[in-house]
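S.K.: What follows is a structure written as structure tokens; I'll ask about it next.
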Amino acid sequence: MMWAGFFGVCRNPLAGLTLNKDSVNSAIFPRCSGILLHVTSLPGGHGIGDLGDSAHEFVEFLAASGQKIWQVLPLGPTGYGDSPYQLFSAFAGNPLLIDLKSLREQGLLSLQDLTSVSALPEGHVEYGSVIEVKQALLSKAAYAFLTDRARTDRDSFDIFCKNNADWLDDYALFMACKSIYKDAVWADWDLEMRRRDLSEVKEWRERLAPQIEIHKFAQFEFFRQWEKVKAHCKRCGLSIMGDVPIYVAHDSADVWSHQELFRLDEQSRPAAVAGVPPDYFSATGQLWGNPLYRWDVSAASGHRWWIDRFRASLKLFDLVRLDHFRGFEAYWEVPASASTAQEGKWVRGPGAEFFRAVKAELEVLPFVAENLGVITPEVEALRKEFGFPGMSLLQFAFGNDPQGPSFRPHNYSRELVAYTGGHDNDTTVGWWTSSGVGESTRTPEDIRKERDFTRAYLGFENEPVNWVFIRTVLASVAEVAIVPLQDVLGLGSDARMNLPGTVSGNWKWRFQSGALTKDLSERLRRLTFLYDR
């Protein structure tokens, strides 16, 4: 069933899980481990990791290493800052992840076409160059596909467009319009299109029909390539954990097509924005800039947009990490005019009513709650009411943060996903060897004390710190342990994925072909079996 899910065929999205529908818990996770690696970080010669051979080879590596979970970041089309947490759509896939080799094998591109991507860097992602080259090739492939009426997969394309029309039509029009408006934020478009005047929207759909079809083809190709990767994972006994950001980008098809759900002013700009107060990463907090939700309007619709969003995510993934889970209980509201997040305030979120509505429709919620940051008893009560495992990062266990003790393995619960670090952290080797000054609120004295305590707690001297951390989370009682691939490879700060509070230079890291050796696989496999994962 290659087209299960997005082509209207039901399939169980819970491969690898043991379910207990009689309890409050929606999903009881078996003891296992996995690797965190975003698709863009896969190796290959086309400028960015994609869904081709390297993705399938990585699945084989995970299986050979005894792993059960591949965790990825959001897979949508990236916008501002190339961040997978600032997407043009909460439903669409990222066309940059499409494997061009597959398009050549389908006869949609020539071997000569691929020479333009072979010159792109392999050690990191240069997004500007990748976007320019791949968009041109995807347009050429789309034209070849759409003008060949004899293709046997045209019916599959038509079925895909029909089954996903509720989001695909608006997304494709939105992206086509952005090209016409030279990538301007939709709030700067002509008033009629900004406010989605029905006659104006109809006229633009007709005028931009060829461009719209190109965007629809890219989505069709993304999802069928992803289905092949997911099917390979299933054959290898792997589950995929995806990621649903709580907020969406203002400059997105979601906000443009559902303006009633967001707090916007008369100019269609955010009236208030999201962020978090001062924390470990920043003394002034983090100002994300995403528009906040009108939760009362969402509730009046039965949270229909959210339910559709979760349903789409569970067709893509077996498990879903809920980014910034605490925002469902209470969120940090910052005035749109503020220059930092310090000026914000806590506002009550939708809470249990929201998840009851979601559960009533979807029944089983295989969610992991990202409960990091300022976590209150109310947030934990909400998480526990619905049985969502929380998260713990070992890097947070040894500093002077008041919540530090909760990140220490002797305080772990079994219903937990334990990490050495996450995509917002430095790598474990980088965290251990860098000064840390300027990257967090820690002082040099804080860092010295933190390292002394780490050595004392973990009882090590000269062992590689990354393997000490890996062993610690694997040996813990947490049902699930996840390790970023950078830590398995023992890489330093140059391999960091994201530095919160910065807007450039992130999301670029890629590992190199040949890095996943047999010895590395066997070492990981031995530890995995040693600790019953």
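The values are calculated or read from the model by the stated rules, or taken from the named source; none is laboratory data. As the structure is a prediction and not an experimental result, all values here were calculated from the model. Cβ coordinates were reconstructed from backbone atoms using ideal geometry, including for glycine residues, and neighbour counts include every protein chain displayed.
S.K.: Among the residues of region 344-365, is any of a type in the set (A, V, I, L, M, F, W, C), crowded, with 20+ Cβ neighbours inside 10 Å and outside any helix (DSSP H, G or I)?
M.R.: Checked against the condition, which is being of a type in the set (A, V, I, L, M, F, W, C), crowded, with 20+ Cβ neighbours inside 10 Å and outside any helix (DSSP H, G or I), region 344-365 yields no hits at all.
S.K.: Still on this model: Output the number of the condition that Ala456 fails; it satisfies all remaining conditions of (1) part of a helix (DSSP H, G or I); (2) under 26 Å from the mean Cα position of the chain (by Cα); (3) among the small types (Gly, Ala, Ser).
M.R.: (2)
Residue-wise test of (1) in a loop (DSSP other than H, G, I, E, B); (2) modelled with pLDDT under 95.
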| site | (1), (2) |
| --- | --- |
| Gly237 | yes, no |
| Asp254 | no, no |
| Ala283 | yes, yes |
| Asp296 | no, no |
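S.K.: Sticking with this structure for a sec: Listed residues Glu463, Glu445; which is farther than 30 Å from Gly128 by Cβ, among the acidic types (Asp, Glu) and outside any helix (DSSP H, G or I)?
M.R.: Testing whether each residue is farther than 30 Å from Gly128 by Cβ, among the acidic types (Asp, Glu) and outside any helix (DSSP H, G or I) leaves just Glu463.
S.K.: Okay, next question. Quick one: would you say Asp494 is assigned to a helix (DSSP H, G or I), in contact with a helix residue (DSSP H, G or I) (Cβ under 9 Å, 6 or more places away or on another chain) and either acidic (Asp, Glu) or crowded, with 21+ Cβ neighbours inside 10 Å (or both)?
M.R.: yes
S.K.: Quick check on this structure: which one of Gln225, Gln267, Gln219 is crowded, with 23+ Cβ neighbours inside 10 Å and modelled with pLDDT of 95 or more?
M.R.: Gln219
S.K.: If you go through region 162-220, how many residues are touching a residue at least 60 places away in the same chain (Cβ under 8 Å) and of a type in the set (Gly, Ala, Ser)?
M.R.: So the count comes out to 2.
S.K.: Give all pairs with beta carbons closer than 7 Å in which a residue from region 294-319 that is more than 18 Å from Leu261 (Cα to Cα) meets a residue that is of a type in the set (Phe, Trp, Tyr) and in a helix (DSSP H, G or I); count only pairs at least 6 apart in sequence or on separate chains.
M.R.: Leu316/Trp226
S.K.: Ok, one more. Within region 51-67, how many residues turn out to be in a loop (DSSP other than H, G, I, E, B) and surrounded by fewer than 24 Cβ atoms within 10 Å (Cβ to Cβ)?
M.R.: Final tally of qualifying residues: 3.
S.K.: Moving to a separate point now. Would you check if there is a residue in region 113-129 being without any contact (Cβ under 8 Å) to a residue 60 or more places away in the chain, buried (at least 17 other Cβ atoms within 10 Å of the Cβ) and either outside any helix (DSSP H, G or I) or in contact with a Ser or Thr (Cβ under 9 Å, 6 or more places away or on another chain) (or both)?
M.R.: Within region 113-129 (the criterion being without any contact (Cβ under 8 Å) to a residue 60 or more places away in the chain, buried (at least 17 other Cβ atoms within 10 Å of the Cβ) and either outside any helix (DSSP H, G or I) or in contact with a Ser or Thr (Cβ under 9 Å, 6 or more places away or on another chain) (or both)), the answer is no, since none of the residues qualifies.
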